[in-house]
1. Could you tell me how many of the residues in segment 417-432 are more than 18 Å from Arg27 (Cβ to Cβ) and open to solvent by 100 Å² or more (accessible area, probe 1.4 Å)?
2. Taking the criterion of being open to solvent by less than 50 Å² (accessible area, probe 1.4 Å) and part of a strand (DSSP E or B), would at least one residue in segment 213-226 satisfy it?
3. Looking at this structure, is Gly276 touching a residue at least 12 places away in the same chain (Cβ under 8 Å) and crowded, with 24+ Cβ neighbours inside 10 Å?
4. Being more than 23 Å from the chain's Cα centre (by Cα) and hydrophobic (A, V, I, L, M, F, W, C) is the filter; apply it to segment 107-133 and report the residue that is most open to solvent (accessible area, probe 1.4 Å).
5. Within segment 97-108, is even one residue part of a helix (DSSP H, G or I) and not aromatic (Phe, Trp, Tyr)?
6. If the requirement is being under 26 Å from the mean Cα position of the chain (by Cα), among the polar types (S, T, N, Q) and farther than 20 Å from Leu254 by Cβ, which of these qualifies: Gln168, Gln190, Gln145?
7. Which one is nearest to the chain's Cα centre (by Cα) among residues in segment 253-284 that are among the aliphatic types (A, V, I, L, M) and in a loop (DSSP other than H, G, I, E, B)?
8. Hey, can you tell me all the residues within segment 157-195 that are closer than 30 Å to Glu442 by Cα, open to solvent by less than 60 Å² (accessible area, probe 1.4 Å) and outside any loop (DSSP other than H, G, I, E, B)?
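The values are calculated or read from the model by the stated rules, or taken from the named source; none is laboratory data. All values reported here derive from a predicted model rather than from experimental measurement. Note: ideal-geometry Cβ built from the backbone for every residue, glycine included; neighbour counts use all protein chains shown. Accessible surface areas use protein heavy atoms only, side chains included; no ligands, DNA or RNA. Shrake-Rupley method; radii C 1.70, N 1.55, O 1.52, S 1.80 Å.
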Amino acid sequence: MDAAEFRRRGKEMVDYVADYLEKIDKRQVFPDVEPGYLRPLIPDAAPQDPESFEDVFKDIEKIIMPGVTHWHSPYFFAYFPAASSFPALLADMLCGGIGCVGFSWAASPACTELETVMLDWLGKMISLPEEFLAGKDGQGGGVIQGSASEATLISLLAARTKTIRRVQSENPELTEADIMDRLVAYASDQAHSSVERAALIGAVKIKNVPSDDTFSVCGSALKKVLEEDKASGLIPFFFCATLGTTSCCSFDKLLELGPICNKENIWMHIDAAYAGSAFICPEFRHLLNGVEFADSFNFNPHKWLLVNFDCSAMWVKKRGDLTGAFKLEPLYLQHHHQESGLVTDYRHWQIPLGRRFRSLKLWFVLRMYGVRGLQDHIRKHIRLSHQFEHLVLQDERFEICAEVVLGLVCFRLKGSNELNKALLKNINEAKKIHLVPCHLREKFVLRFAICSRAVESTHVEFAWQHISQLATDLLKTWEQNHQQK
């Protein structure tokens, strides 16, 4: 394919993507395929000779689309939002076209410097304390990671290194292995599984801190666990606080937890993967109060801020805590500006060496929507979640299981877990909308998340009518079966 054909085919692909997104509501939200559907549709090996673009293009609808779950459908209410917008798509196209691998400033100065500035822009939008910003000569700063899981792992590994060095300086007789064996990380019993996975990869113990009746961790619960572990000779070193838990969007109490972590020399990382985007709205910023006690903070613009995956924003108060844990300087990666103090080499802030020009997506979206446009998007989703909550509350057969703060509603039929499992099965087998469940204590709960950029009040109304009718049908069958028994 030469440049001339690329121009022509590129226009065709843009038209295809635009048509796909404009008419996505006409597609069934969840596919009708079984595992292994794709292999019989394609050859066993790559072609020896080139195929035409036309042949490849026609196979998109034939082979790929039948197996796609349409995350951007207005009938997709599962998991959390996967952000997307036309400015971000265009930026991704430019990112692919430039094709730089920005592991250091010298590898592509614009790639590095735009990221530093964009993370400062984003930090200011959510009123992060000044020490988290790079500025012109700050000690902190932001970086784009691939996911919140990576941000949690990076912060845990940095905390591990920092703690080992501190303990060895105080007790030179202790080996690294001695200390590693005693390290303990902590997170809420409602925290995302990626926190436990980070501890698994980091080869350290992790303990769940019990959450309260609102599914939040408070200071007294953390203090109790820490006292027990210190009395047993363990070394608490890391706590992951969650703002907007995956199950029910609950918020750990930062103002209670932060001072405890600071006093105990425990690195506090804040995972606000979904909820963090809402902090650009002044009426929700109070949910971030206490971030001033944290060592690191993360949220995902690729969830709710109209920036395509992957774009996970992470800030640290002291970037030396990251670079001190991961810094290696082979000759082939060195450049003559690295000791100037004026540049950032992001390879020291992450696990992989290579990185894409992801800040272009932020730059395009922040400029073309503006803060007000993004606030409108967040507020619309939250209004729609309260619309759904209101519909649920009007039906005495159902109950709301957690406070609706942002764009997630946790609800269920009053009754057994088996009844609610059957309802969810019927909802997802009908494939008119898509939901996923969670467990809140002993209850099996259905999650209704406002996700799509295109979702409107009519889609929420349709979803509720569909759920309500399926519930009516299920309860009738359920009662008949139990009467027969």
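1. Residues of segment 417-432 that are more than 18 Å from Arg27 (Cβ to Cβ), as a first pass: 417-426.
Retained after the next criterion (residues that are open to solvent by 100 Å² or more (accessible area, probe 1.4 Å)): 418, 425.
Total meeting the criteria: 2.
2. If we filter segment 213-226 for residues that are open to solvent by less than 50 Å² (accessible area, probe 1.4 Å), which is where we start, we get 215-219, 221-222, 225-226.
Checking which are part of a strand (DSSP E or B) leaves us with none.
Checking segment 213-226: not a single residue is open to solvent by less than 50 Å² (accessible area, probe 1.4 Å) and part of a strand (DSSP E or B).
3. On the way: touching a residue at least 12 places away in the same chain (Cβ under 8 Å): yes; crowded, with 24+ Cβ neighbours inside 10 Å: yes.
Yes: the conditions hold for Gly276.
4. Step one: list which residues in segment 107-133 are more than 23 Å from the chain's Cα centre (by Cα), which gives 107-110, 113, 130-131.
Now drop any that are not hydrophobic (A, V, I, L, M, F, W, C), which leaves 107, 110.
On the way: Ala107: 40, Ala110: 60 Å².
Looking at the filtered set, the residue picked out is Ala110.
5. So the first thing to find is which residues in segment 97-108 are part of a helix (DSSP H, G or I), and the list is 97-98.
Filter once more, keeping what is not aromatic (Phe, Trp, Tyr): 97-98.
Yes: segment 97-108 contains one or more residues that are part of a helix (DSSP H, G or I) and not aromatic (Phe, Trp, Tyr).
6. Gln145
7. First pass over segment 253-284, keeping only residues among the aliphatic types (A, V, I, L, M): 254-255, 257, 260, 266, 268, 270, 272-273, 275, 278, 280.
With the extra rule that they be in a loop (DSSP other than H, G, I, E, B), the set shrinks to 266, 272-273.
Details: Ile266: 24, Ala272: 8, Ala273: 4 Å.
Restricting to residues being among the aliphatic types (A, V, I, L, M) and in a loop (DSSP other than H, G, I, E, B), the top hit is Ala273.
8. Val184, Ala185, Tyr186, Ala187, Ser188, Ser194, Val195
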